[in-house]
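Step one of this worksheet: look at the structure below.
Values in this text are rule-based calculations from the coordinates and carry no lab data. None of the values given here were measured: they were computed from a predicted structure.
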Amino acid sequence: MIAEKLSFDALIVQLEQAFTDASITTPARHHHDYPNPKEEIDSTLLLMPSWMSGSHLGVKLVTVSPNNQQYHLPSIQGLYVLFDAVKGTPLMLLDAKELTARRTAASSALASSFLSRVDSETLLMIGTGTLAPYLIAAHATVRRYKKILIWGRNRDKAQAICDTLNPKMDVQITRVEDLEKGIKQADVVSCATLSATPLILGAWLKPGQHIDLVGAYKPDMREADDDLMLKSKIYVDTPMALKETGDLLIPMTKGILDSNDIRGDLFQLCQKTREGREKKEDITVFKSVGHALEDLVAAKMVHDAHC
């Protein structure tokens, strides 16, 4: 049901409007890392509320378990509860996995509409997890790609995504073996992994690229190296990114970056108070950590379509 009600075309438009809507309130989310001794790596609990004055209120409850692949389960699982904000009545219980995947991909595509070159022709997807097919489809909504590439540590998974998406899309999707060569071909690079060490190196970049960093959701994770950040004009989905992701925290701790190096967020881009891409040769970065406003917009769309 969620997939049917949340086309990327419609969701991207609704998100852009919501980032300009003063009636939406979104408190800072609760982020709790908790011990998972059996897996020898912490898991994470996220509680994400947001409400639209006089309309709807929602809360997402999400767990992130990095080792779930071995159980044939997604790393991100959870539920979304939508309420009537006037009467306080629960209206819907939704699968947070599908909701999160769609709104995350749509937000990256929305950012790309401001930050990537209009004439971008090649998209590289790094990562073969749950988000990869969603990100490919969403990015292809805002730019007319002639070529889409996929790289993953697991070759079979990368090929499986190609095999699944090729019949559904009007652009050829192929697997690449060499990550460096793939990055050097791409105009837009979208990366969604749980990597603890950089996968995208600044030395591999070319002028005019846009880099979409979706993974690395914890302070000790990162997908891009310091050189990449120094070469790029950096944007975030929300200021929370400065507190949560190693892609920003690690270079800030080293003194390589500071908060003034962040040129804007999705609120400012959508409200036109900050510029997006200014020059064709600029390298831009969008770092997302997720925002409960996005969940509320997506959940309300599902509810309105269902009713």
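Using the Cα gyration tensor of segment 27-75, with a ≥ b ≥ c the square roots of its eigenvalues, what is the shape: rounded (a/c below 1.5), prolate (a/b larger than b/c) or oblate (neither)? Kindly include the intermediate steps, with their values, before the conclusion.
Values: a/c = 5.92, a/b = 2.34, b/c = 2.53.
Cα axes put segment 27-75 in the oblate bin.
So which residue, out of Tyr80, Tyr235, Tyr34, gets the largest mean-square fluctuation from a GNM of the chain using Cα contacts under 10 Å as springs?
The residue with the greatest mean-square fluctuation here is Tyr34.
Between His30, His72, His139, where does the largest GNM mean-square fluctuation fall for the chain, given springs only between Cα atoms within less than 10 Å?
Looking only at His30, His72, His139, the biggest GNM fluctuation is shown by His72.
Pick from Lys87, Lys231, Lys280: which residue has the top mean-square fluctuation in a GNM of the chain where Cα pairs under 10 Å get a spring?
For the chain, modelled as a Gaussian network with Cα springs under 10 Å, the answer is Lys87.
When the chain is fully extended, how far beyond the present Cα-Cα distance does Asp119 get from Thr63, taking 0.36 nm per residue of separation?
Working: separation 56, 0.36 × 56 = 20.16 nm, distance 3.81 nm.
Full extension from Asp119 to Thr63 adds 16.3 nm.
Just want to confirm a number: the relative contact order over the chain, from Cα pairs under 8 angstrom separated by 6+ residues, in percent. If you can, show how the numbers build up before the last one.
Working: 663 pairs, mean separation 57.1, N = 307.
Over the chain, the number comes to 19 percent.
Rounded, prolate or oblate: pick one for the chain, where a ≥ b ≥ c are the square roots of the eigenvalues of its C-alpha gyration tensor, a/c under 1.5 means rounded, and failing that, prolate if a/b is larger than b/c, else oblate.
Values: a/c = 1.32, a/b = 1.29, b/c = 1.02.
Cα axes put the chain in the rounded bin.
Among Lys184/Lys231; Lys60/Lys233; Lys181/Lys254; Lys97/Lys300; Lys243/Lys279; Lys181/Lys243, which pairs are too far apart, with a Cα-Cα distance over 26 Å?
Working: Lys184/Lys231 15 Å; Lys60/Lys233 31 Å; Lys181/Lys254 29 Å; Lys97/Lys300 16 Å; Lys243/Lys279 29 Å; Lys181/Lys243 32 Å.
Table pairs above 26 Å Cα-Cα are Lys60/Lys233; Lys181/Lys254; Lys243/Lys279; Lys181/Lys243.
Over what distance in Å are the Cα centres of segment 171-232 and segment 42-101 separated?
The two parts, judged by their Cα centres, are 28 Å apart.
Could you list which residues have their amide H under 5 Å from that of Asp225, counting only those 5 or more apart in sequence or on another chain, with H placed in the peptide plane?
Amide H neighbours of Asp225, under 5 Å, 5+ apart: Ile200, Gly202.
As a test, work out the antiparallel percent of DSSP beta bridges whose residues both lie in the chain, rounded to the nearest 5.
Details: 29 of 57 bridges.
Close to 50 percent.
Once the Cα atoms of helix 96-115 and of the chain are each reduced to a long axis, what angle between those two axes, in degrees from 0 to 90 to the nearest 10, is obtained?
Roughly 50 degrees, rounded to the nearest 10.
In straight Cα distance, which aspartates and glutamates are under 12 Å from Lys218, not counting same-chain residues fewer than 8 positions off?
Reachable aspartates and glutamates: Asp33, Asp42, Glu244, Asp247.
Would you kindly derive the ³J(HN,Hα) couplings of segment 127-140 from the backbone phi angles with the Karplus curve 6.51 cos²θ - 1.76 cosθ + 1.60 (θ = phi - 60°), listing them in order in whole Hz, with x for Gly and Pro?
Calculated HN-Hα couplings, in order: x, 10, x, 3, 6, 3, x, 5, 5, 4, 5, 5, 4, 6 Hz.
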